Every structure is written in structure tokens, then in C-alpha cells.
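Beneath this line is the structure, given in C-alpha cells, with notes to follow.
Here, each number is a calculation from the coordinates, and none is a lab measurement. Note that this is a predicted model, so its numbers are computed, not measured. All Cβ positions, glycine included, derive from the backbone under ideal geometry; neighbour counts span all protein chains shown.
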Amino acid sequence: MHRTTRALAVGSAAAVLLASAFTLSSAAAATDDTGRRAGPGHSAAPQTLGSLGRKAGLRIGTAVDTTALAEDAPYRDKVAGEFSSVTAENVMKWEAVEPTRGTYDWAAADGLVDFAKKHGQLVRGHTLVWHNQLPSWLNDGDFTADELREILHEHITDQVTHFKGDIWQWDVVNEAFNDDGTLRDSIWLRELGPGYIADAFRWAHEADPKARLFINDYNIEGVNAKSTALHALVTQLRKQRVPIHGVGIQGHLGVQYSAPHDIADNMLRFDRLGLETAITEADVRMPMPADSTKLEAQAEGYGVLLRGCLLTPGCNDFTVWGFTDTYSWVPDTFPGEGAANIFDENYAPKPAYGTLRQTLTLAAGRH
Ligand code: 9MR
């Protein structure tokens with residue numbers, strides 16, 4: 001993503017909206033570096049991303065590292081103060097909740113749910129069906145297809161029942177597609193066939209009829225083969241009356257790649273199906289070391305993702321995948337890259353934080 005990519009593609013209503021939103025965003029430069037407007041009418045109460053989001057009709061969330069939540073007081077204060085929804089970064093995944101077959105360990109996840117209740121936050125549940133972070137008894141087991149189907153059914157039923165009433169949105173199925181739009185070759189597809197997706201949603205709905213059920217994936221920000229295949233799948237699922245309510249767009253970007261300036265085009269086509277949408281895992285990494293050009297490109301990336309959400313009426317949550325560079329999955333997965341979050345390692349706000357605040361401020365009254 002480079003400054004030159006600010007030139008926006010025209011030819012669709014969404015692109016025009018994006019362009020005007022960008023103009024507005026530039027005009028908002030008359031704010032101080034926390035994004036707060038100066039002058040008369042300026043409220044003394046500190047505005048947070050969560051409170052600004054509320055005025056713009058959406059929740060602003062973060063993935064939470066529950067070890068950091070327990071051990072790092074400044075981290076805990078930021079989670080509590082800045083955000084209006086939370087997602088467990090790891091502790092609701094299958095390997096965490098059922099490390100030994102038949103023995104559940106909900107302690108860490110329950111702790112996060114309690115924390116969220118105490119701070120008036122909603123919880124996004126992440127995630128029920130994935131190819132990754134499965135317990136070894138499952139990965140290494142020798143199960144028939146019928147047994148695996150029953151294992152998956154039981155997992156979904158037990159986990160959704162355990163959290164019944166406490167989860168706002170579940171990422172029921174995570175990362176089911178390849179980038180070319182074919183279904184990912186996972187244990188679930190191989191053993192159960194493509195019907196595992198509809199089954200997972202039906203089972204989750206039976207266990208908690210009030211939870212909003214999402215399919216979630218990465219590299220589906222813009223209009224491309226993967227997002228188009230996902231659109232075709234959810235269209236079909238809705239026709240079959242499968243209880244699917246939303247599409248989660250992860251939003252893992254990097255400053256060295258083009259930003260998805262057609263994100264509203266893409267999100268609006270899901271909106272037209274009557275689906276909710278959310279940005280579920282926003283972060284914008286960069287080749288290290290960071291410098292001011294990269295930080296500005298990063299701010300632009302966050303802004304593109306947030307504006308895509310704000311331009312989509314049914315987009316009701318914008319979640320960042322962690323908020324401080326101290327705790328990030330990026331350096332482990334992409335050696336030589338990092339600094340992907342909106343606060344630095346000392347919890348100082350980066351330009352991206354100001355961009356989110358300004359963009360939310362301009363969207364006040366959205367709903
Ligand atoms: O941030 C998570 C990291 O701590 C884990 O080691 C990793 C294991 O795969 O999963 C990370 O979270 C992923 C999320 O659950 C699904 N989308 C991609 C995220 C980043 O890898």
C-alpha cells in the first residue's frame with residue numbers, strides 16, 4: 001500500500017462513497033493527535049474507540065491475549081477502557097478448550113467472558129470449526145467419517161451450550177476457502193465433504209438460537225476469487241435456510257501490498273443478501289524497521305478497512321487483532337515483519353489510532 005494507491009477506482013457507487021469518505025477524513029486533520037476535536041463543544045470526558053464507535057453504530061473490539069490480560073496491568077486497562085467488544089485470541093480454540101478428549105478446560109475463556117461482562121463489552125466467539133489449532137488427540141487420531149462427524153457435532157454443541165447467552169457473534173467456520181475460491185483441503189472437507197459447513201451452522205444454532213453465526217476468512221476484503229466463492233456459498237446456504245447470519249472479514253493487511261480499496265463493493269454485496277458483516281481481525285504489518293512512511297501507510301490501511309465497514313449498513317463490529325506491538329502473532333509468522341498494531345510497545349498511539357478515531361468521529365450518527 002503506497003500513497004499513490006489513494007487514487008481510487010471509479011465506476012461503482014461504493015468507490016464514489018469511499019472517495020468522499022477519504023476527502024472527509026483528510027478534512028478532519030483539524031483534530032489533535034489523539035483525534036480529539038479542539039474548541040467549543042469539546043467534551044471533557046475522554047473519548048475512546050469504543051465510545052466513538054457507539055456513536056457511529058458499531059462495536060470496536062480487540063483480540064485478547066488472556067495471559068497478558070492477567071499479568072500486564074497497562075494492557076488490561078487498555079482492553080477495559082478502549083474497546084466495546086472482545087475476541088479470545090486463542091483460548092476458545094479447540095486445542096485450548098479440549099486438550100484431552102472429553103475433558104474440557106473453560107477457565108481462561110470463562111475469565112474473558114467475566115471480564116467482558118464487568119466492562120460492558122460484547123464477546124465474539126472464535127472459533128468452532130477450523131483446520132488449525134486442533135487438539136493432538138484429534139489430529140493424530142484414527143477416526144472414521146461417522147466418528148468425526150459425531151466428534152464435530154459434540155464439540156459444537158458442548159462449546160456453544162457452555163457459553164449460551166454470553167456470545168454475541170460466533171465465528172462458526174473459519175478459513176474454509178483457498179485463495180482461488182476452492183474449498184480448503186482440511187480434515188473436515190476430506191472426511192465429511194462440503195456439507196460440514198451447513199451442519200456446523202445448524203448445530204450451533206440448535207445450541208444457542210440467539211447467537212449470531214458467522215463464517216470468517218482472510219483475503220476476502222476486496223472483490224476476488226475467494227470472496228466471490230464465499231458469496232456464492234452463503235447465497236446458497238441462505239436459500240437452503242441454513243442459520244448463517246454474518247460474514248467476518250479478517251483484515252490482515254501489509255503496507256507492502258495494495259490496500260483493498262474495493263472493500264465496500266465487496267461488503268455491500270453481502271449486505272444485500274441480508275447478512276451482517278464485521279471486520280474481525282484487523283492489523284497492518286510492515287517490513288521492519290518501522291519508519292514514518294510505513295506508519296502512515298499503515299494508518300491508511302486501517303482507515304480503508306474501517307471505512308469499508310462504516311459504508312456497509314449491516315457492519316456492526318470492527319475488531320483489531322491485538323492492539324499493541326508487544327503481543328502480536330506477526331513476527332513469528334512473517335519473519336522480518338511486525339509493528340502491525342495501533343499502539344506501539346509502550347502503549348503510545350500510532351498514526352493508525354488517530355485515523356481510527358477521526359474516521360469514527362466523522363461517522364457519528366451513522367445509524
Ligand atoms: O493470533 C493467533 C496466534 O496467537 C496463534 O499462534 C495463531 C495460530 O494459528 O492464530 C492466531 O490467530 C489467527 C486467527 O485465529 C485466525 N486468523 C488468523 C490469525 C492470525 O494467524
Euclidean distance between Cα centres, region 44-105 to region 296-354, Å: 15 Å
Positive-end residue of A109, I220, H162, charge dipole of the chain with Cβ unit charges: I220
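About its Cα centre, what dipole magnitude does the chain give when the only charges are +1 on Lys and Arg Cβ and -1 on Asp and Glu Cβ, stated in debye to the nearest 20? Walk me through the numbers on the way to the answer.
Details: 33 positive and 47 negative charges, 387 e Å.
Value, rounded to 20: 1860 debye.
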Most to least packed among 340-346, 269-275 [average Cβ atoms within 10 Å]: 340-346, 269-275
Between 0 and 90°, nearest 10: helix 107-118 axis offset from the chain longest Cα axis: 40 degrees
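Counting Lys +1, Arg +1, Asp -1, Glu -1, what net charge surrounds K350 among other residues with beta carbon under 9 Å of its beta carbon? If you can, show how the numbers build up before the last one.
Details: positive: none; negative: D325, D344.
Once positives and negatives cancel, what remains is -2.
State the dimensionless ratio Rg/Rh of region 51-100 (Rg: radius of gyration of Cα atoms; Rh: Kirkwood radius).
Working: Rg = 13.2 Å, Rh = 12.1 Å.
With Rh from the inverse mean 1/r over Cα pairs, Rg/Rh is 1.09.
Give the peptides 65-73, 48-56, 81-89, 178-186 in descending order of average Cβ contacts within 10 Å, highest first.
Working: 65-73: 15.7, 48-56: 20.1, 81-89: 22.7, 178-186: 13.7.
For the peptides 65-73, 48-56, 81-89, 178-186, the packing ranking is 81-89, 48-56, 65-73, 178-186.
At 1.567 mPa s and 4 °C, plugging the Kirkwood radius over alpha-carbon pairs of region 95-236 into Stokes-Einstein gives what diffusion coefficient in µm²/s? Could the numbers behind the result be given before it?
Working: Rh = 16.0 Å.
Value of D from the Cα-based Kirkwood radius: 81 µm²/s.
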Summed side-chain charge close to G53 - residues other than G53 whose Cβ falls under 13 Å, Lys, Arg +1, Asp, Glu -1: +3
Cα-centred dipole magnitude for region 243-367, charges only on beta-carbon of K, R (+1) and D, E (-1), debye, nearest 20: 400 debye
The chain - percent relative contact order, Cα under 8 Å, separation 6 or more: 20 percent
Cα centroid separation - region 149-181 against region 190-242, whole Å: 10 Å
Charge-dipole axis of the chain as Lys and Arg at +1 and Asp and Glu at -1 on Cβ define it, positive-most pick from G120, A198, S136: G120
Helix 351-362 axis, angle to the chain major axis (alpha carbon atoms, nearest 10°): 80 degrees
Formal net charge of residues neighbouring W137 (Cβ-Cβ distance under 9 Å; K, R +1; D, E -1): -1
Isotropic mean projected area of the C-alpha convex hull, region 200-253 (nm²): 3.9 nm²
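Kindly provide the Kirkwood hydrodynamic radius of the chain in Å, to one decimal, from all pairs of distinct alpha carbon atoms. Working shown, then result.
On the way: mean 1/r = 0.0478 Å⁻¹.
In the chain this quantity evaluates to 20.9 Å.
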Crossing angle, helix 225-239 versus the chain [Cα axis fit, 0-90 degrees, rounded to tens]: 60 degrees
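Would you count, across the chain, every pair of lysines whose alpha carbons are under 16 angstrom apart, provided the pair is eight or more residues apart or spans two chains?
Numbers: K78/K117; K78/K118; K78/K350; K117/K164; K164/K210; K294/K350.
Close lysine pairs found across the chain: 6.
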For peptides 356-366, 299-309, sequence by mean Cβ density within 10 Å, most packed first: 299-309, 356-366
Alpha carbon convex hull of region 277-367, projected area averaged over orientations, nm²: 5.7 nm²
